[in-house]
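Heads up, the thing below is written out as structure tokens.
The values are calculated or read from the model by the stated rules, or taken from the named source; none is laboratory data. Everything numeric here is computed off the predicted structure, so don't read it as measured data. Note that each Cβ is placed from the backbone with ideal geometry, even for glycine, and that neighbours are counted across all protein chains shown. Please note that ligands, DNA and RNA were not included when accessible areas were found on the heavy atoms of the full protein model with its side chains. Shrake-Rupley method; radii C 1.70, N 1.55, O 1.52, S 1.80 Å.
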Amino acid sequence: MNIYDVSEHAGVSIATVSRVLNGSPNVSEKTRGHVLQVMQELGYTPNVFARGLGLGTIQSVGIMCSDSSDPYLAHAIYHLERGLRDHGYDVILCCTGSSQETKRNYFDLIRSKKVDAIILAGSKFIETAAEDNDYIIEAAQELPILLINGFLEAENIYCTMCDDRSAMDYAARQLILSGCRDILYLYSSRSYSGRNKLAGYQDALTTHGLPVRREYICQCPKDILASKNLLLDLHRRGLPFDAVLASDDSIAVGAIKYAHTVGISIPDELSVIGYNNTNLAICTDPELTTVDSRIEALCSMAVNTLMGVFNGGDAPSRTIIAGDLIKRASTKF
């Protein structure tokens, strides 16, 4: 039993049912009484503690992330928690790791807390195999699900994303226009966001008539030393590259440490671009050119979308914003 059943039996929209559940004043008393009566007849209990059929709520939202030590996700959690608190909502946080089974177990756990909504921060919650996402779609029949930088198309799921493909395409094109031809691409995962970033890199090469070479696309953990060691290994093997384009700032910082180790001048001999514009970008020498994926704006939009859903209004199922390339001293352009 869910709000869709209540909507059908009451002969009103899902938005109207949501308004009743949240005590919105934008519902006539006649309609409110009718919807509450249908809920009682169906034995429907709203999915929050002590909501009392729209007469109260503990106002809590669950947030899930894969790794709270990741600077990007840590910022996401901070901005989401602050935005929700400003609207009077408490937060329950779960850090899941990367295992699909563990992510699903934590998802079920957070649902059992009877939260008003669940926010999935980061794109690693959406799996390539469609059936692996069915549990999220099923949960959306009971409560709103919001995705930060991930995409899943289903009713009552709302996605807020940075246009990673276009942002990475633009960054790669700037490298090419500055004279770079052997651009090494380092990425950390094949998540939804990760696949879009890789596609952007490939788009830029194709647009400028450059080959997409498998040996120039390398997976690397989000770890500074791992990135440095990978580049040292490629250097020993004689692979020539005049630029490093990374899917995360931590990987790009490893590229700068690699250059210092082997005595390569940045940006004269090697250009480096990171992604996410974290504090790491201004801790390097030279400071790092990076794509700002605008996590604060993404989180603000997600919270505003959720408040719109709670108030029974129309909310966009997908919101996309553009990233910004922050130019610093690790590139020549």
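Against the conditions (1) farther than 14 Å from residue 168 by Cα; (2) out of contact with any strand residue (DSSP E or B) (no Cβ under 9 Å at 6 or more places or on another chain); (3) surrounded by fewer than 21 Cβ atoms within 10 Å (Cβ to Cβ); (4) not acidic (Asp, Glu), where does residue 207 fall short? Just the number, please.
(1)
Let me spell it out: the conditions are (1) surrounded by fewer than 22 Cβ atoms within 10 Å (Cβ to Cβ); (2) in a loop (DSSP other than H, G, I, E, B); (3) not hydroxyl-bearing (Ser, Thr, Tyr), and residue 115 meets all of them except one. Which number is the exception?
Result: residue 115 fails condition (1) only.
Suppose the filter is closer than 19 Å to residue 21 by Cβ, surrounded by fewer than 21 Cβ atoms within 10 Å (Cβ to Cβ) and not aliphatic (A, V, I, L, M); does residue 87 pass it?
Yes.
Looking only at segment 270-327, how many residues end up being more than 19 Å from the chain's Cα centre (by Cα) and among the basic types (Lys, Arg)?
Summing the residues that are more than 19 Å from the chain's Cα centre (by Cα) and among the basic types (Lys, Arg) in segment 270-327 gives 1.
Considering 143, 109, which residue is among the hydrophobic types (A, V, I, L, M, F, W, C) and in contact (Cβ under 8 Å) with a residue 40 or more places away in the chain?
From the options 143, 109, the qualifying one is 143.
Considering only segment 64-115, state which residues are farther than 21 Å from residue 126 by Cβ and of a type in the set (Lys, Arg).
Matches in segment 64-115: 82, 85, 113, 114.
Scanning for something modelled with pLDDT of 95 or more and either under 23 Å from residue 312 (Cα atoms) or of a type in the set (Asp, Glu) (or both), does segment 36-57 turn up at least one residue? Explain how you work it out, then say what you get.
Filtering segment 36-57 for residues modelled with pLDDT of 95 or more gives none.
The answer is no, given that none of the residues of segment 36-57 is modelled with pLDDT of 95 or more and either under 23 Å from residue 312 (Cα atoms) or of a type in the set (Asp, Glu) (or both).
If the requirement is being farther than 17 Å from residue 2 by Cα, within 17 Å of the chain's Cα centre (by Cα), surrounded by 22 or more Cβ atoms within 10 Å (Cβ to Cβ) and of a type outside the set (Gly, Ala, Ser), which of these qualifies: 125, 107? Outline the logic, then answer.
Values: 107 fails: surrounded by 22 or more Cβ atoms within 10 Å (Cβ to Cβ).
After applying the criteria, what remains is 125.
Could you list all residues from segment 1-43 that are of a type in the set (Ser, Thr, Tyr) and surrounded by 13 or more Cβ atoms within 10 Å (Cβ to Cβ)?
4, 7, 16, 18, 24, 31
Could you please find all residues in segment 190-204 being among the hydrophobic types (A, V, I, L, M, F, W, C) and either open to solvent by 40 Å² or more (accessible area, probe 1.4 Å) or more than 29 Å from residue 65 (Cα to Cα) (or both)?
Correct list: 204 only.
In segment 150-189, how many are under 19 Å from the mean Cα position of the chain (by Cα), open to solvent by less than 20 Å² (accessible area, probe 1.4 Å) and small (Gly, Ala, Ser)?
2
Can you find, within segment 144-154, the residue that is farthest from residue 298 (Cα to Cα) among those that are outside any strand (DSSP E or B) and in contact with a helix residue (DSSP H, G or I) (Cβ under 8 Å, 6 or more places away or on another chain)? Break it down stepwise before answering.
Just the residues of segment 144-154 that are outside any strand (DSSP E or B), to begin with: 144, 149-154.
From what is left, the residues that are in contact with a helix residue (DSSP H, G or I) (Cβ under 8 Å, 6 or more places away or on another chain) are 144, 149-152, 154.
Working: 144: 17, 149: 8, 150: 11, 151: 13, 152: 16, 154: 20 Å.
The extreme case among them is 154.
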